[in-house]
Amino acid sequence: MASEAGDSTTGTPCACGSGTRTTRCTDCLQSPLSCEQCFVREHKLLPFHWAEQWNGDFFVRKDYADLGGTITLGHNGDACKHAPSSTAIDLTIVHTNGIHESRVVFCKCSLHGDRLSQLTSHQLFPGSTDSPRQAFTFDLLKNFHLYSLASKKSAYDYMNAIRRLTNNAFSKDAPNPYPAFLRIVRLWRLLTMMKRMGQAHGIDTVLTHRTPGNMAVQCPACPEPGFNMDERIEPLDKSIIRHTETIFLSLDGNFRLQRKKKNNDPDDIALIKGAYFPDGQEYKDYLRKVGDNTPEVPTFHPALHLTSECDFQKSTCAKLNAVNMQEKIKFKGMVCTGVVKCKCARHDFSLPKATANLQKGER
Ligand SMILES: [Zn+2]
Ligand SMILES: [Zn+2]
Ligand SMILES: [Zn+2]
Ligand SMILES: [Zn+2]
C-alpha cells in the first residue's frame with residue numbers, strides 16, 4: 001500500500017510549471033515523478049495504471065479516479081461535447097492488475113449506443129445488463145480463461161489473487177466481484193466458443209451438411225461426407241485406399257462418473273446446446289420413446305436427465321455380465337449412474353451429441 005523511498009525530485013516543481021512532483025506510475029517503466037494533473041493527462045488511455053503519491057512521509061497507492069481522472073467513452077479518450085464530466089458514474093472495473101473504482105463518462109452523441117454496447121465496444125464486459133455498476137476488462141477474462149485451461153486455476157482463487165493485487169495487506173477491504181465474475185466467465189466462454197466454432201459468423205450457411213448450431217469440434221482427419229471426401233455415389237472397393245473412407249468409432253462408458261441427487265439452482269441452466277451432450281428435451285423425448293420402464297424424469301439440468309430411482313432390468317445377453325452384476329442398491333440416490341460416449345477411435349475426437357448420461361446402472 002505504501003512505500004517509503006522518495007527521490008531527489010520529490011516536491012520540486014513539475015515540468016508543466018503548475019504543480020509539484022508528487023505522483024509516479026508503478027505500471028509504466030521508468031515513470032518520472034510529476035504532478036497529479038500530468039499523471040492524469042498522460043494516463044488518459046491507460047486508466048488502469050496504479051499511481052503512487054507522496055504524502056510527505058511515504059508513497060501512498062492511488063487509483064486513476066482518486067487523482068481526478070475520468071474514463072470517457074466514445075472519443076478516443078477525449079471529452080464528449082454532449083456529456084460533461086459531471087455525468088460520470090461510478091463503475092468498478094476489474095482488470096488483471098487489480099480492482100479499480102473508476103469514474104466513467106458515457107458518450108451522449110446522436111449515434112451513441114446504450115451503456116452495454118458502449119462498454120463492450122471498449123473491451124469492458126458489463127457485470128449486468130441494466131445500469132451496470134461493475135465491469136470486467138476483456139484482458140482479465142482472456143487471462144482467466146487461459147489460466148483456468150492451462151493451470152486449472154479456479155475462479156475463486158483467481159479472484160482472491162486479484163483482490164490481493166488491489167490491496168495485499170487487507171484483501172478483505174477490496175471489493176468482491178466473485179459472484180458476478182462466475183456469471184460473466186460462463187458468458188465469456190460461451191461467446192468465445194461461438195466465435196471459434198463459427199456460429200457467430202453464420203458457418204451453418206457454409207457447412208450445410210452439419211447439424212445447425214453445431215458447437216462440437218469435429219475430427220478433421222476422419223472422413224466426413226461433404227467436407228473432406230470426394231463426391232461419389234459408389235463407395236470405393238477392392239482397393240487399399242478404401243480405408244481412407246472408413247471411419248473407426250469406439251464407444252465406451254464410465255460407470256463411476258455418477259451424480260447423486262442433491263439440491264440444484266433451478267436457474268443454473270446449460271448455455272450451450274448442440275455440442276457433446278444431446279439437447280435436454282430431445283434426449284428426454286428419446287428416452288420416453290425407447291420406453292420400457294423408464295420412469296418420468298424430473299429435469300434439474302438440461303444436460304442431465306434424472307431418474308428418481310434405479311428400476312433396472314437385467315440384460316438378456318448372457319455375455320454382458322457387467323450389466324447383470326450391477327446391484328440396484330449401488331445406484332440408490334443417483335440421478336446419473338454413469339456416462340457413455342462415442343468418439344473416433346483413431347484421433348480421439350468426441351462425436352457431436354454422442355455423450356449421454358446413463359439412467360439405470362450401465363444402461
Ligand atoms: Zn503508467
Ligand atoms: Zn505537471
Ligand atoms: Zn460523444
Ligand atoms: Zn478422427
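Distance from the alpha carbon centroid of segment 96-120 to that of segment 168-208 works out to 18 angstrom.
Spacing of the modelled spin labels on Lys332 and Met229, each 7 Å from Cα toward Cβ, amounts to 5.0 nm.
Once fully extended, how much extra length lies between Asp7 and Asp173, figured as 0.36 nm per residue of separation less the alpha-carbon to alpha-carbon distance?
Extending this stretch completely gives an extra 56.8 nm.
A cut-off under 13 angstrom between Cβ atoms defines the neighbours of Glu282, and their net charge, with Lys, Arg +1 and Asp, Glu -1, is +3.
For the pair Asp139 and Arg288, label points projected 7 Å from Cα toward Cβ lie 5.2 nm apart.
With a ≥ b ≥ c the root eigenvalues of the C-alpha gyration tensor of segment 71-196, is it rounded (a/c under 1.5), prolate (a/b larger than b/c) or oblate? It would help to have the intermediate numbers written out before the result.
Values: a/c = 2.48, a/b = 1.47, b/c = 1.69.
Because a/c hits 1.5 or more and a/b fails to exceed b/c, segment 71-196 counts as oblate.
Cross-link partners for Lys44 among the lysines, with Cα-Cα distance under 22 Å and sequence neighbours closer than 8 places in the same chain left out: Lys62, Lys81, Lys108. Here the mean projected area of the convex hull built on the C-alpha positions of segment 53-139 is 6.3 nm².
Evaluate E = 1/(1 + (r/R0)^6) for Ser121 and Asp27, where r is the Cβ-Cβ distance and R0 equals 25 Å; express this FRET efficiency to the nearest 0.05. That pair, Ser121 with Asp27, gives E of 0.55. Indicate the gyration tensor shape class of segment 16-82 (rounded, prolate or oblate), computed on the Cα atoms with a ≥ b ≥ c the square roots of the eigenvalues: a/c under 1.5 is rounded; otherwise a/b larger than b/c is prolate and the rest oblate. Prolate is the answer for segment 16-82, as a/c is 1.5 or above and a/b outweighs b/c.
Take the Cα of Val217, step 7 Å along the line toward its Cβ, and report every residue of segment 112-154 whose backbone nitrogen sits under 20 Å from that point. Under 20 Å, as judged by backbone N against the label point of Val217, lie 142-153 of segment 112-154.
Just so you know, all these numbers are worked out from the coordinates, no wet-lab data involved. Since the model is a prediction, treat every value here as computed from it, not as a measurement. When we count neighbours, we look across all protein chains shown, and the Cβ atoms used for this are built from the backbone with ideal geometry, even at glycine.
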